[in-house]
Structures are given as structure tokens and as C-alpha cells.
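Computed from the coordinates by the stated procedures, all read-outs in this text should not be read as laboratory data. A quick note: this is a predicted structure, and the numbers were derived from the prediction, not measured. Don't worry about glycine lacking a Cβ; one is built from the backbone with ideal geometry, like all the others, and counts go over all protein chains shown.
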Amino acid sequence: MVNAILSFCVKKQIVRAGIFLLLIMVASACSSSQVDVDIATPSAAASNKATVKGTDKSTLNKRIPAKVVRVVDGDTMKISFTDGGKEKEETIRLLLVDTPESVDPEKPVQPFALEASNYAKTMLTGQDVQLELDVSERDKYGRLLCYLYIGDKMFNELLLENGYARVAYIYPPNVKYVDQFREIQKKAQQKALKIWSVENYAQEDGYHEGVVKGGAAASPKSTTTPKPVTTLQPKANTTYNSCKEANAAGAYKIKKGETGYSAKLDGDGDGVACE
């Protein structure tokens, strides 16, 4: 009888031990399953994040339709575009290129400047174009920085290709096309086109008109007569109803604060009237 009781107790203990081991195995399985879920979740989030980045990059490379309202000089234009159903105007500055100066009130007209400006006017005035932005949108003057397309041609490249501009103002992160621009410039240099036709005129630090004999007169003949560079001072208390009237009186590029200046004659609001 005693032996039978002991045998029953031993069997009962074995059953209890088996149940205990089974519970441990179930708990372990549940724990492993939870770990798998936790690991999978960040992976899914990472996938979503990559998709968002891809969208941002696509937006950055998108071209913006616009129309050229006025060409200021070879590398600067005024454009109009539609934003939120409203017509807006912006001054744009072409990225990574620099043409000789033709409208700076502090500088004389540089050799080949008028040629570059006239080329831009012929190619772009009134034309539908597209703008491609880089990483930084504006310069310190608030101008929109861009690569400008007319048809399937990038105008930045056309300026370099024809010798109207040099590669310049290389400020990261806006350096997307700098390598191919330098290759295009090299070919124009080898052909001695326009700004490259005079040795040491176009250099990395700018244009050196002093090396051009006769200054701007050494530049190929322009199709238009340049305006006087310096501002002629009007008589005291003189006011003009239009730039045509001011020009007839011999006044050009009237700076803000000078007699004869008025905001209505300063169409682009840059502080210089009747440019």
C-alpha cells in the first residue's frame, strides 16, 4: 500500500514538471515572436523614409515654367511665372557662369559685355523658358539662382559654348554642373572665342579690361550703341516724367538720393533709375 502511494506521488511530480517545462517553452516562443516584430518595424520605417527622400530629390530637379520679361545683361534676367494662380516676377541669376559687366553703375562697360547682353536678348526676350534650381535658391541680393533652359538647351551652357561667359561663382552646394561646364569652357578657350580671344582678359578672379588695347573698343562691333556709363547730374530740383525725358536731357542711371531720381522711374527697384 505504501509503495502504491509513493508511486502515485512520483508520477504526479513528473506530470507537474512536464507542465512547467511546457509553459517555459510557450513563453520562450512568444518572446521570440515579439523580438521578430520589433526588428521588422524599424525596417519598414526606413523604407518609408527612403521613399520620402526620393520625392524630395524629384521635386528639387523639377523644372519650373516661366517667361523672360527682360534681359538685364548676359547672366541676369527678369522672369514671370504663375504661383498659386497668381502671376509673379523674379530676378534670376544664372548659376556657375559670369559674363562681362554692362550695367554696373560703378564700372565701365567691359569688353564683350554688350555682345553677351545682346546675345541673351536675342535668344531669350519674350521666350517661354524653364528654370532648374540647385540646393540654395537665392544669392545675397535675393535673386533666384538657376539653370535656365530654352527648348532642350541650357542657356548657361550656350553662354560658355560661344565664349560669352566664364565658369565662376562656384559656391557649394550649388555645384551640380560645374565639371561639365568646365569641359565646355575648355573647348571655347581652345577655339579662342569672344572673351578668350584676348590673352589674360578672362581669368579666374574676373575680367581684366586693362589687357585689352583700347578697352571696350577692342571688342567686336556691337549691334547697338551703348548708353553712357556715368550718370549726368540733372539740375537741382529737376524731375522727369519718364526715362525717355531723362535720357533726352542727358541723364542715365540716376541713383537713389540723386536729383532726378524717382521710384516710378526705377522699374526694377534696384536703386538706379533709367538704366
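Values as computed for the structure displayed
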{"item": "Amide H within-cut-off set for Gln127, under 5 Å, with H built and near neighbours excluded", "result": "Val68"}
{"item": "Segment Asp104-His208, extension gain: residue separation times 0.36 nm, minus the distance between their alpha carbons", "result": "35.9 nm"}
{"item": "Whole-number D in µm² s⁻¹ for segment 64-218, Kirkwood Cα-pair radius fed into Stokes-Einstein, 25 °C, 0.890 mPa s", "result": "154 µm²/s"}
{"item": "Theoretical FRET efficiency, 1/(1+(r/R0)^6), r = Cβ-Cβ of Asn200 and Lys88, R0 30 Å, to 0.05", "result": "0.10"}
{"item": "Mean projected area (nm²) of the alpha-carbon convex hull when segment 97-148 is viewed from all directions", "result": "4.6 nm²"}
